[in-house]
Amino acid sequence: MATQRKWLAWRVAVFLAALAPLVFWSWQVANNAAGPEPGRYLLLHIGIGALWLLLLTLSLTPLTKLTRWKGFALIRRQLGLWTLAYATLHMLSYALFILGLNWALLGSEIIKRPYIIVGMIALIGLAVLGATSNKWSMRRLGKRWKSLHKFSYVILGLVLLHFFWVVRADMQEWAMYAAIAALIMATRLPPVSRTLPKLRHRLSRA
Amino acid sequence: MLIKIAKPSDLHESDVTPESIYLSRRRFMGGIAGLGAGLALSGHAQAAADDYSDVPEGDAPNWLKEKISDAKWDAITPSDPEKDALAPFDDASNYNNFFEFGTDKGDPARHAGSLETQPWSVVVDGEVNNGGRFALEDLVKPSQFEERIYRLRCVEAWSMVIPWLGIPLAEIIKRADPTSKAKYVRFETLVDPEQMRGQRSSFSIIDWPYVEGLRLDEAMHPLTIMAMGMYGRELPNQNGAPLRLVVPWKYGFKSIKSIVRISLVEEQPVNSWQKIASDEYGFYANVNPNVDHPRWSQATERRLPNTLFNSNTIDTRMFNGYEDEVAELYAGMDLRKQY
């Protein structure tokens, strides 16, 4: 009972931590502290937030292997759904604050701008993963569920491409995220993934 | 063709501005009685827009303060001051691109404090008879400062209206006495990674120094100015202190900041953005709603500041609304190819 309450507290803490940036950015906008283009402020911050959440979600499996701490696996679905929520808000900010709900313009922009197409594909992918993240879908899909959810690796690639195409002058920030992504993906290579539990043993003995 | 003598029609807006409102804004705000009448006669409903009393004082050297106080105010103003209302100083000085200080629009304001602008000298060289290295004050002192309220249209599809203080570039060029070989003007920004942290980034795709260029007739056009101030004070560092170009009918990136070198040259210079991505940015970079950036539309712009639920999106005008003044410079050119 006490452990169950502990895990609930952990999940609630993660929920609040994921919610906090949205509250902070909204607070900034409400207080005119978000600069002369508050819509773009939200768009960019939420977009980067979505990338952070995707990277965090994908780092949970290697972290579990490395530490065997149960808490990481417990928040995987939650963080995955937060990624979807941020990505959806990112797209809505674009439609609402940048395009001003001009749907005709949205239609022509989606067709003309490759980075928007790539972003939309990534968002649709996240939505499919979100919709199949429940226990019922896991049972229905059986073995196929795992391969379906490996599509998150492709989504990570699409998101980085989407980001790459928006960069104008300096690749530093992008390169940082790409390096973190490469590190997380590298932990999934069979030789590395086999080493992680051994690394844990060595660490615990030290 | 090479040196375009300003025609009387070029600066018609200043010609109808009565002498009385050339007075200093602060004196005007002090409330000289007869002035209101003069302003009304001028046909510019400017009074409310031009109150700089809440703009923080800078740290200008005395010569610059004097030049500013002797400026010809409202020399050029928007024909529709309500539609083209001034952006607040805070927005114009805290939200801009100056990649020498970082890529975020807040970076210039955060990091440009490290730029040392006094003393400042500018090299004038190339195809000129009267070149050399000049102290900034010697370069600009013979000319009277003018206030020019221009629309600034960024290539990223946002815009602001900003009151600049400066002198026509034509006057600097004339004093340099170009030779017959001079066809273009090339500008360079300071390179100093110690002061400009953006230049320390090893991931930057800009090959410093930042370079810009104009055709000589564009440079000599009366709308083209070298600015040293804005909002009734000197330029904040992040806006390109102490000396920057302002070419109002071109995308903002043409208006190069913190200039240390002006060269009159025979060949068309390769400007920095053209060098980085020539399919996205050309030499001319004239504001043109009909030629899209490959990654976004240029048909509209967001006039800043905007609000969350009103993006303040307006139609972008040909040559940023300065078509009457500058279209003839490009007669016969295919602006889809020469973008």
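Exactly one residue among A:Leu96, A:Leu156 is closer than 30 Å to B:Arg295 by Cα and modelled with pLDDT of 90 or more, and that residue is A:Leu156.
When the test is whether a residue is more than 14 Å from chain B (Cβ to nearest Cβ) and of a type in the set (Lys, Arg), A:Arg40 does not pass it.
Just one of the listed residues (B:Leu152, B:Leu165) is surrounded by 15 or more Cβ atoms within 10 Å (Cβ to Cβ), in contact with a Ser or Thr (Cβ under 9 Å, 6 or more places away or on another chain) and not hydroxyl-bearing (Ser, Thr, Tyr), namely B:Leu152.
Determine whether B:Gly198 is in a strand (DSSP E or B) and touching a helix residue (DSSP H, G or I) at 6+ places or on another chain (Cβ under 8 Å). Step through it out loud before you land on a result.
Working: in a strand (DSSP E or B): no; touching a helix residue (DSSP H, G or I) at 6+ places or on another chain (Cβ under 8 Å): yes.
It is false that B:Gly198 is in a strand (DSSP E or B) and touching a helix residue (DSSP H, G or I) at 6+ places or on another chain (Cβ under 8 Å).
Return a yes/no flag: does segment B:129-149 have any residue that is without any contact (Cβ under 8 Å) to a residue 24 or more places away in the chain and among the acidic types (Asp, Glu).
Yes; the residues of segment B:129-149 include at least one that is without any contact (Cβ under 8 Å) to a residue 24 or more places away in the chain and among the acidic types (Asp, Glu).
The condition (being within 29 Å of B:Trp273 (Cβ to Cβ) and over 16 Å from the mean Cα position of the chain (by Cα)) is satisfied by just one residue among B:Asp70, B:Asp54, B:Asp59, B:Asp90: B:Asp90.
Any idea how many residues of segment A:168-204 are closer than 30 Å to B:Trp296 by Cα, in contact (Cβ under 8 Å) with a residue 40 or more places away in the chain and small (Gly, Ala, Ser)? Number of matching residues: 1. Within segment A:88-113, the residues that satisfy the criterion of being out of contact with any Leu (no Cβ under 9 Å at 6 or more places or on another chain) and either hydrophobic (A, V, I, L, M, F, W, C) or not in a helix (DSSP H, G or I) (or both) are A:Leu92, A:Gly100, A:Leu101, A:Asn102, A:Trp103, A:Ala104, A:Ile110, A:Ile111, A:Arg113. From the list B:Pro248, B:Pro222, B:Pro236, the lone residue that is under 22 Å from B:Ser159 (Cα atoms) and under 10 Å from the mean Cα position of the chain (by Cα) is B:Pro248. Somewhere in segment B:68-75, is a residue within 29 Å of B:Asn320 (Cα to Cα), within 14 Å of chain A (Cβ to nearest Cβ) and in a helix (DSSP H, G or I)? So far as segment B:68-75 goes, no, none of its residues is within 29 Å of B:Asn320 (Cα to Cα), within 14 Å of chain A (Cβ to nearest Cβ) and in a helix (DSSP H, G or I). Quick check on segment A:119-126. Is at least one of its residues within 14 Å of chain B (Cβ to nearest Cβ) and not aromatic (Phe, Trp, Tyr)? Within segment A:119-126 (the criterion being within 14 Å of chain B (Cβ to nearest Cβ) and not aromatic (Phe, Trp, Tyr)), the answer is yes, since at least one residue qualifies. Among the residues of segment B:262-290, those identified as modelled with pLDDT of 95 or more and among the aliphatic types (A, V, I, L, M) are B:Ile262, B:Leu264, B:Val265, B:Val270, B:Ala285, B:Val287.
Only one of the numbered conditions (1) at pLDDT below 95; (2) under 18 Å from B:Asn129 (Cα atoms); (3) not polar (S, T, N, Q) is violated by B:Ala182, and that is (1). When you look at A:Ala85, is it among the small types (Gly, Ala, Ser), in a helix (DSSP H, G or I), at pLDDT below 90 and closer than 28 Å to B:Thr307 by Cα, yes or no? So A:Ala85 does not fit the description; no.
Screening segment B:178-204 for residues that are of a type outside the set (Asp, Glu) and surrounded by fewer than 16 Cβ atoms within 10 Å (Cβ to Cβ) and picking the one that is nearest to B:Val122 (Cα to Cα) gives B:Val191.
Of everything in segment B:99-139, what is in a loop (DSSP other than H, G, I, E, B) and under 20 Å from B:Tyr184 (Cα atoms)? Give them in sequence order.
In the first step, residues of segment B:99-139 are kept if they are in a loop (DSSP other than H, G, I, E, B); the result is B:102-106, B:115-120, B:127, B:129-131.
Within segment B:99-139, B:Glu127, B:Asn129, B:Asn130, B:Gly131 meet the criteria.
Filtering segment B:78-118 to residues that are touching a His at 6+ places or on another chain (Cβ under 7 Å) and under 20 Å from A:Glu173 (Cβ atoms) leaves B:Phe101, B:Gly102. Restricting attention to segment B:200-214, the residues being under 23 Å from the mean Cα position of the chain (by Cα) and modelled with pLDDT under 95 number 2.
Only a single item in (1) more than 12 Å from chain B (Cβ to nearest Cβ); (2) without any contact (Cβ under 8 Å) to a residue 60 or more places away in the chain is not met by A:Thr67, and it is number (2).
Does A:His45 fit the bill of being under 15 Å from the mean Cα position of the chain (by Cα) and closer than 30 Å to B:Asp91 by Cα?
Details: under 15 Å from the mean Cα position of the chain (by Cα): yes; closer than 30 Å to B:Asp91 by Cα: yes.
Spelling it out, A:His45 is indeed under 15 Å from the mean Cα position of the chain (by Cα) and closer than 30 Å to B:Asp91 by Cα.
Does B:Asp84 qualify as being more than 12 Å from chain A (Cβ to nearest Cβ), buried (at least 16 other Cβ atoms within 10 Å of the Cβ) and not β-branched (Val, Ile, Thr)? Here the answer is yes, as B:Asp84 does meet what is asked. Within the option set B:Gly332, B:Gly321, being small (Gly, Ala, Ser), farther than 29 Å from B:Phe145 by Cβ, surrounded by fewer than 23 Cβ atoms within 10 Å (Cβ to Cβ) and away from chain A (no Cβ under 14 Å) holds for one residue only, B:Gly332.
Looking at the structure I just gave you, is A:Arg77 of a type in the set (Lys, Arg), surrounded by fewer than 19 Cβ atoms within 10 Å (Cβ to Cβ), farther than 30 Å from A:Arg205 by Cα and more than 9 Å from every other protein chain (Cβ to nearest Cβ)? Yes: the conditions hold for A:Arg77.
If a residue has to be within 14 Å of chain B (Cβ to nearest Cβ) and without any contact (Cβ under 8 Å) to a residue 60 or more places away in the chain to count, how many in segment A:146-167 make the cut? If you could, list the steps in order and put the result at the bottom.
Looking only at segment A:146-167, we keep the residues that are within 14 Å of chain B (Cβ to nearest Cβ), and these are A:161-167.
Retained after the next criterion (residues that are without any contact (Cβ under 8 Å) to a residue 60 or more places away in the chain): A:161-162, A:164-167.
Within segment A:146-167, residues that are within 14 Å of chain B (Cβ to nearest Cβ) and without any contact (Cβ under 8 Å) to a residue 60 or more places away in the chain number 6.
In segment B:294-308, of all residues being part of a strand (DSSP E or B) and crowded, with 17+ Cβ neighbours inside 10 Å, the one that is farthest from the other protein chains (Cβ to nearest Cβ) corresponds to B:Glu301.
The values are calculated or read from the model by the stated rules, or taken from the named source; none is laboratory data. Remember, it's a predicted structure, so these values are computed and weren't measured experimentally. Positions of Cβ are generated from backbone atoms using ideal geometry, with glycine treated the same way; all protein chains shown enter the neighbour counts.
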